[in-house]
There are 2 protein chains.
Amino acid sequence: MHEKRLEKIINSMKNHHIDQMIITSPDSIFYLLNEWIHPGERMLALFLNSSGERKLFINELFPIQKDLGVELCIYNDTEDPIDYLEKAINPHKTMGIDKTWPSHFLIRLLKKKSGLQVENGSIVVDKVRMIKDEEEINLMKKASSINDQAMGKIMEVIKTNKYTEMEITKKLEEIYAKYETNGFSFDPLICYGPNAAEPHHSSDKTPLKRNSSIIIDIGCFSNHYASDMTRSMFFGEPDEEYKKIYDLVLKANLAAISTIKPGVKFSTIDKAARDVITNGGYGKYFTHRTGHNIGLCVHEYPDVSGANDMIVEEGMVFSIEPGIYLQEKYGVRIEDLVLVTKTGCEVLNQFPKDLIIFDK
Amino acid sequence: MHEKRLEKIINSMKNHHIDQMIITSPDSIFYLLNEWIHPGERMLALFLNSSGERKLFINELFPIQKDLGVELCIYNDTEDPIDYLEKAINPHKTMGIDKTWPSHFLIRLLKKKSGLQVENGSIVVDKVRMIKDEEEINLMKKASSINDQAMGKIMEVIKTNKYTEMEITKKLEEIYAKYETNGFSFDPLICYGPNAAEPHHSSDKTPLKRNSSIIIDIGCFSNHYASDMTRSMFFGEPDEEYKKIYDLVLKANLAAISTIKPGVKFSTIDKAARDVITNGGYGKYFTHRTGHNIGLCVHEYPDVSGANDMIVEEGMVFSIEPGIYLQEKYGVRIEDLVLVTKTGCEVLNQFPKDLIIFDK
């Protein structure tokens, strides 16, 4: 058990008036226990309450060899784990439930403990996880450093102009495999030509043709922590409009980054990026939020959007990824991860952001 | 909308006294609508009730281009989809909930419709999906036929003795990519030597050494339907015990298959396999159930186990996969998919089951 993190969780429970809760997502359990357990369809739940009880409900198929600092409540396939869990619960107090817990467990629990007040308890954990501790910061820096290196390598492969989008994702898999990674943190978005105008294009069999924009949005897991970066480039001779939107997106990325420091609102950061693009005349082509927090999951709580007035704090890590998408023509997105420091922020990606044009 | 399947679902709702329900898993939605939608974290729900209403609650980010035969209830990211869903629900009748629906949706629904009686509604769908219709049977035969061919090809690659377990899984990915498949239906289990004694070994960097048992448990999705087959082989000179357990596992596989016909219990099939192995003196080394149903998911309801006294029906497809695992030595598993016919069963895998020994 990571006692310092647990202490923060217990404080957060108090802030949210949740006296008892279960944490069931493998990433949040890993965050506390430093053990990654894949329970498949079987119930895995870390029960905590404000008086300090901590119990891990786990199927015997997942034997735990080391001392995790929690009481183990082991069940087998002939038993209903809810029968064990319900004994730990105080029926008179609000119970926090992990947002992702499959409903069939919750339905069984509510039948056995009728009248139990339940709440989405994930906010308790999300608010702690959004501030990274030193150990996490080091691992996230490492993951982004690997991603920088992978970006350089995959660009060289793309420049050979021998491979389709999907073949590039295979090459990228091989590149990540050579580093200390656990593979992709999300399906890579390798987008050629008009595909770059779709912010969520899935890599397909499109080959690279001359006079195409290229978006490369990639990330890996390293020691369970995610990286995520986007660079855009051009094969052939870009027209003036492409150069203009590239310049706007780059300025938007830098403007957002320059506003980041403890105390500003997420919505202010979003506005800084959006204003540059809107003032340049392309506001309606920047169709998504500016970024998202990241850590053990590639998308964590909260996000960098106009609707989020939460205050930025030291230790947060999130993406800044403005983009402009001109349907059936091309698209540009430039994304970095940033770490909020005491006085500003540190950009975790070192890979250059100048427009790369190649033609051979 | 696949009207015949919907009719079966409505009948099944009546059998289970569920007047209204939501189906939220992408595979069950595909089963009815013939449209595969990946909603990510956003709510996707097909609402049905016994008076024939059918509504699909879907985020505007997933535009539906064709007529799916359901009323579309489209929401956006600034709205709570539960506000829409609750309007469709009759608060006085039991509501079936998909077993996998994330709890935070259910918690919000229960707050807005206090007193609503909810049940795990997935059994309604599972019981219909367990009997495959003609279209499904054809697709499952095709998926298994591809798997037969892939098994032959990957065995030839293994026999070159140039690759680690993990490298073989990469090669297999390339083989599947050459057919009309959507990739692996589960992470392939390529197990060399003592790794074959772990029924759920994950392929790792183990190289193939002389005098090793090999287990190859592989499957792909083809047109969304899963295949799943296991063969075992030996590199070098197997000892007498290996040959003995291979023979027992093969006999257990055949004994189970010979009992399959409409009207027998799943537990009887399990017993047929288990008896052969137990009588051969290895009962305690056959550590898992004999099989599982399969279709759009690789593991479907129900399973072939001693605890399942349900009756086998025509149109079911499930695996028969007895195994013997001798820790730190070797393991054998032989798995086929079978389709229950009017009078018996048809084995969907044609790949030979005789012991293959190679040594070069």
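The values are calculated or read from the model by the stated rules, or taken from the named source; none is laboratory data. In this text the structure is predicted, and so the values were computed from the model without any measurement. Because the Cβ atoms are built from the backbone with ideal geometry, glycine has one as well, and the counts that use them run over all protein chains shown.
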- Message: Looking only at segment A:330-360, count every residue that is in a loop (DSSP other than H, G, I, E, B) and at pLDDT 95 or above and tell me the total.
- Response: 13
- Are any of the residues in segment A:232-248 at pLDDT 95 or above and either on the phi > 0 side of the Ramachandran plot or not assigned by TED's automatic domain parsing to the domain that holds A:L296 (or both)? yes
- Of the listed residues (A:L116, A:L85, A:L61, A:L110), the one being among the hydrophobic types (A, V, I, L, M, F, W, C), in the same structural domain as A:I22 (by TED's automatic domain parsing), over 29 Å from the mean Cα position of the chain (by Cα) and closer than 27 Å to B:D187 by Cα is A:L61
- Message: Quick check on my filter: what residues within segment B:29-52 are within 14 Å of another protein chain (Cβ to nearest Cβ) and not aliphatic (A, V, I, L, M)?
- Response: B:W36, B:H38, B:P39, B:G40, B:E41, B:R42
- Query: Quick one: which helices (runs of 4 or more DSSP H) sit completely within segment B:1-93 and have at least 1 residues that are within 22 Å of B:G115 (Cβ to Cβ) and out of contact with any Leu (no Cβ under 9 Å at 6 or more places or on another chain)?
  - Reply: B:81-88
- Given (1) small (G, A, S); (2) within 30 Å of B:G291 (Cα to Cα); (3) assigned to a loop (DSSP other than H, G, I, E, B), B:G96 misses just (3)
- Query: Looking only at segment A:88-102, which residues are in contact (Cβ under 8 Å) with a residue 24 or more places away in the chain and away from chain B (no Cβ under 14 Å)?
  - Reply: A:A88, A:I89, A:N90, A:P91, A:K93
- Message: Name the single residue that is farthest from the other protein chains (Cβ to nearest Cβ) among those in segment A:258-303 being acidic (D, E) and under 20 Å from the mean Cα position of the chain (by Cα).
- Response: A:D270
- Message: Whether any residue in segment B:37-57 is among the polar types (S, T, N, Q) and within 20 Å of B:A226 (Cα to Cα) is what I want to check.
- Response: no
- Residues of segment A:53-65 being modelled with pLDDT of 90 or more and either surrounded by fewer than 16 Cβ atoms within 10 Å (Cβ to Cβ) or within 12 Å of another protein chain (Cβ to nearest Cβ) (or both), which ones? A:E53
- Note on the structure: Only one of A:S185, A:S203, A:S212 is of a type in the set (S, T, Y) and out of contact with any Ser or Thr (no Cβ under 8 Å at 6 or more places or on another chain), namely A:S212
- Task: Could you tell me whether segment B:152-172 includes any residue that is more than 12 Å from chain A (Cβ to nearest Cβ), farther than 30 Å from B:M43 by Cα, among the small types (G, A, S) and within 30 Å of the chain's Cα centre (by Cα)?
- Result: yes
- Taking segment A:298-328 and keeping only residues that are under 26 Å from A:I216 (Cβ atoms) and either surrounded by fewer than 16 Cβ atoms within 10 Å (Cβ to Cβ) or of a type in the set (S, T, N, Q) (or both), one is left with A:S305, A:S319, A:Q327, A:E328
- Message: If I filter segment B:204-229 down to residues being surrounded by fewer than 22 Cβ atoms within 10 Å (Cβ to Cβ) and touching a strand residue (DSSP E or B) at 6+ places or on another chain (Cβ under 8 Å), which single residue comes out as nearest to B:K141 (Cα to Cα)?
- Response: B:F221
- Could you list, in sequence order, all residues of segment A:168-186 that are within 13 Å of A:S203 (Cα to Cα) and of a type in the set (K, R)? A:K170, A:K171
- Task: Kindly establish whether B:L110 is among the hydrophobic types (A, V, I, L, M, F, W, C), touching a strand residue (DSSP E or B) at 6+ places or on another chain (Cβ under 8 Å) and within 14 Å of chain A (Cβ to nearest Cβ).
- Result: yes
- Item | Test set (1) away from chain B (no Cβ under 12 Å); (2) of a type outside the set (K, R); (3) surrounded by 21 or more Cβ atoms within 10 Å (Cβ to Cβ) - A:H201 fails condition number | (3)
- Failed condition for B:V128, given (1) within 13 Å of chain A (Cβ to nearest Cβ); (2) in contact with a Ser or Thr (Cβ under 6 Å, 6 or more places away or on another chain); (3) among the β-branched types (V, I, T), with all others met? (1)
- Residue in segment A:179-188 that is small (G, A, S) and surrounded by 17 or more Cβ atoms within 10 Å (Cβ to Cβ) present: yes
- Message: Just the residues that are touching a Lys or Arg at 6+ places or on another chain (Cβ under 8 Å) and not in a loop (DSSP other than H, G, I, E, B), please, taken from segment B:276-292.
- Response: B:V276, B:G283
- Six or more apart or on different chains, Cβ under 8 Å: which pairs go from a residue in segment B:267-291 that's more than 19 Å from B:E241 (Cα to Cα) and not assigned by TED's automatic domain parsing to the domain that holds B:S319 to one that's of a type in the set (G, A, S) and in a helix (DSSP H, G or I)? Could you list them? none
